[in-house]
Amino acid sequence: MHNPKDTSCAAVMARKNEILLAASGIDFAKFESGSIAFDYEGMLRSTGYTFDEVRRVQALCGVGNTPLLELRNISALARKLAPVGMGARIFIKDEAANPSGSFKDRRAATAVYHAKRAGFSGVLAATSGNYGAAVASQAARQGLKCIVVQECYDSRRMGQPEILEKARKCEAYGAEVLQCTVGPELFYIALRLLEDTGYFSASLYSPFGVTGVETLGYELVQQCMELAGRMPDAVVCTHAGGGNITGTGRGLLRANCNAQLIGASVNLSGLHMASDGAFNRKSFTTGHTGFGIPFATWPDRSDVPRSGARSLRYMDRYVTVNQGEVFYMTELLASLEGLERGPAGNTSLAAAFHIAQSMPEDAILVVQETEYTGAGKHPLPQLSFARQNGIGLRLGDPAEEVPGESIILPEHPSLVRARDVDIVKMRTSLLRNALQYAKQEPTEVDIAFLAEDTKTSAEWVRETLRALTVERNK
Amino acid sequence: MIQQGTWVTIRCQILDASERAAGIPTDTAATPFMLWVKGTLLADAEIGQEVRVRTATGREEAGVLAEAETAYPVGYGAFVPELSGIGPQARALLFGGGEDA
């Protein structure tokens, strides 16, 4: 890396805003109010692409319009386990049909299209997940260069098979992949590369990363109307950084659909995400509570000054499932529906299987994604890897699973459970973080903003802020 | 000797353990921050030597030559017997067929 400027970690991090402004063209400062509130809608509109334009760009890029499939056998099995008259129809949006095999293509398409139109010669994304493959695939289609920076290895240079597979996929699309050891310094590398190369920063949390997913929510409502003659009653989204649920929620609203929006994450409580020792003791690299909870309760912790992904604005309910349950549902999806997909993307399916059992038979529950599977990214290599790393694997009751120590595959489908997380507590936690961020007392504008950011009312925000101030002054 | 022009992987130490970010877990803080990247070797070298490579995007990078023609290690892993009964049990529950469900 050649750079006449000071490239030490401290110097590069100090130039963060300047680097990101050049690499994204978005002047985030423009949307600030000076305190907690900022112009969220204005920021999302700043991409300059309307919803219809995003749809047009995605069609041009081979993205979207994926099939919505009814999971008749999985629904029937859920019904067998449910009280009489209960057990909703489960549909799944087969997002694996996108060019690089996941819904992340929606997030990448407009970002890469925009980068090309704005005259950038390449794009950069910092991610170990499907998003890297999506950006690399779109860059290949649109003739741009691409760099993907992955958090990949522990200090022994041991990497999860799933992440190594993503690296392979990115390289297959012609991208350059930098594979780092565990730690937040990956952001330093990304900034240094952006400064060196002048590439576009295709951050997952940029407005492009969110508006690209609106089409998913919109399409699934249209398809549900066509297939079943009615709107879905509930939609389940795998939740990590928040872009999936935010974009889907916005798409549902655009289609005038008021379905309950449920976020689902894999429970990895107790594992520190930046720990070298814990890195290979988890079998999910995304879609888990290690991202899901911190990003929901404080979205502005990402690699952009203000995140477009604000899950608590749209999420009505949040549940967790255990690793063993997701691997189990991945097996059921293959053996009962003939769809080999996932595993990570099946987090929402595992939750849906249980949630459907408490909904009436004629209700409709949509699982809004699948993702590609293959060597490295499949229950067999991922569970063998877990076993190799000392994780106890057995059949039993997944409720007994301890993240980092065991993975328990349900010995019966009735043991698959979606466990509710207290969403009021999460909303309160967002307010606590906002108070910490604010250098002054929240204004009326801040209160209105926080009510939107938590899908609550100004009264609730005022009351909770009062209680938090008392707590703080204790 | 690895020949110039070979597709190789290099290892770069970006930060020493003493330079790691504040607030990271102690096990991570005790290790250097490393990265690996692939490229075309710009001059003949031995494994373990400091080299320069040209990456897929055309950048030049320096680091220690880790290996030549790195293979992708991904596969389907070992057989996992715990998985093999899941489909049959579910099919038996749904369609019958004498499985003990």
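In Å², rounded to the nearest 100, what is the total accessible surface buried by chains B and A against each other with a 1.4 Å probe?
Values: alone 7470 and 18010 Å², together 21020 Å².
That pair of chains buries around 4500 Å² in total.
Can you give the longest stretch of chain B with no exposed loop site, where a site means GluC sites (Glu not before Pro) in a DSSP loop (not H, G, I, E or B) with at most 13 other C-beta atoms within 10 Å?
Counting at most 13 other Cβ atoms within 10 Å as exposed, the longest clean stretch of chain B is B:1-45.
First select every other residue whose beta carbon is under 13 angstrom from the beta carbon of A:Glu369; then total the charges, Lys and Arg +1, Asp and Glu -1. List each step's numbers first, then the result.
Details: positive: A:Lys93, A:Lys104, A:Arg106, A:Arg107, A:Arg341; negative: A:Asp94, A:Glu95, A:Asp105, A:Glu219, A:Glu371.
Charge balance near A:Glu369 sits at 0.
For region A:192-266, which trypsin sites (Lys or Arg not before Pro) are both in a DSSP coil and crowded by at most 15 other Cβ atoms within 10 Å? The partial results should precede the final answer.
Details: sites: A:Arg192, A:Arg230, A:Arg250, A:Arg254; in loops: A:Arg230.
Listed in order of number, the matching sites are A:Arg230.
Ignoring ligands, DNA and RNA, what percent of the 1.4 Å accessible area of chain A is carbon and sulfur?
Values: 8030 of 15880 Å².
Percent of accessible area from carbon and sulfur atoms in chain A: 51.
Counting Lys +1, Arg +1, Asp -1, Glu -1, what net charge surrounds A:Gln357 among other residues with beta carbon under 13 Å of its beta carbon? Write out the running numbers ahead of the final one.
Values: positive: A:Arg79, A:Lys80, A:Arg89, A:Arg417; negative: A:Glu361.
It works out to a net charge of +3.
Only sites in a loop by DSSP and with at most 11 other Cβ atoms within 10 Å count here; which chymotrypsin sites (Phe, Trp or Tyr not before Pro) in region B:22-101 make the cut?
Numbers: sites: B:Phe33, B:Trp36, B:Tyr76, B:Phe79, B:Phe95; in loops: B:Tyr76, B:Phe79.
Filter output for region B:22-101: B:Phe79.
I want the local charge near A:Ser46. Using Cβ-Cβ distances under 14 Å, sum +1 for each Lys or Arg and -1 for each Asp or Glu among the other residues.
Combined, the nearby Lys, Arg, Asp and Glu give -2.
Is region A:283-336 rounded, prolate or oblate when judged by the Cα gyration tensor, a ≥ b ≥ c being the square roots of its eigenvalues, rounded requiring a/c under 1.5 and prolate requiring a/b larger than b/c? If you can, show how the numbers build up before the last one.
Values: a/c = 2.87, a/b = 2.25, b/c = 1.27.
The shape class here is prolate.
At a 1.4 Å probe, which residues in region A:77-113 are at least 10 Å² less accessible with all protein chains present than in their chain isolated?
Listed in order, they are A:Leu77, A:Lys80.
Given a 1.4 Å probe, how much area per residue of chain A is accessible, in Å²?
Working: 15880 Å² over 474 residues.
Value returned for chain A: 33 Å² of accessible area per residue.
Quick check on chain A: helices-only [θ] at 222 nm, where DSSP H runs of length 4 and up contribute -39,500 (n - 2.57) each and the sum goes over total residues. Nearest 500, please. Please report the intermediate quantities before stating the final value.
Working: 18 runs with 210 residues, N = 474.
That calculation yields -13500 deg cm²/dmol at 222 nm.
Loop-only trypsin sites (Lys or Arg not before Pro) in region A:370-451, please: DSSP not H, G, I, E or B, and at most 14 other Cβ atoms within 10 Å.
Values: sites: A:Lys377, A:Arg387, A:Arg394, A:Arg417, A:Arg419, A:Lys425, A:Arg427, A:Arg432, A:Lys439; in loops: A:Arg417, A:Lys439.
Passing both the DSSP loop test and the Cβ count: A:Lys439.
Taking a ≥ b ≥ c as the square roots of the eigenvalues of the Cα gyration tensor of chain A, is the shape rounded (a/c under 1.5), prolate (a/b larger than b/c) or oblate? Before the final figure, lay out the partial values.
Values: a/c = 1.35, a/b = 1.19, b/c = 1.14.
Here chain A falls in the rounded category.
Quick one: pull the percentage of alpha-carbon pairs in chain B with a separation above 18 Å. Could the numbers behind the result be given before it?
Details: 3290 of 5050 pairs.
Summing the P(r) tail past 18 Å for chain B gives 65 percent.
Quick one: if the Förster radius is 35 Å, what FRET efficiency do A:Asp27 and B:Glu69 give, using the C-beta to C-beta distance and rounding to 0.05? Spell out each step's value before the answer.
Numbers: r = 45 Å, r/R0 = 1.29.
Once rounded, the FRET efficiency stands at 0.20.
Name the shape class, rounded, prolate or oblate, that the alpha-carbon gyration tensor gives for region A:65-191, where a ≥ b ≥ c are the square roots of its eigenvalues, rounded holds for a/c under 1.5, and otherwise prolate holds if a/b is larger than b/c and oblate otherwise. The partial results should precede the final answer.
Working: a/c = 3.13, a/b = 1.69, b/c = 1.85.
Note, shape of region A:65-191 comes out oblate.
What's the center-to-center distance, using Cα atoms, between region A:210-275 and region A:27-78 in Å?
Cα centroid to Cα centroid, the span is 10 Å.
The values are calculated or read from the model by the stated rules, or taken from the named source; none is laboratory data. Bear in mind the structure is a predicted one, so any value in this text is a computation, not a measurement. Reconstructed Cβ throughout: ideal geometry from the backbone, glycine too, with neighbour counts over all protein chains shown. Note: areas computed on protein heavy atoms with side chains; ligands, DNA, RNA excluded. Shrake-Rupley method; radii C 1.70, N 1.55, O 1.52, S 1.80 Å.
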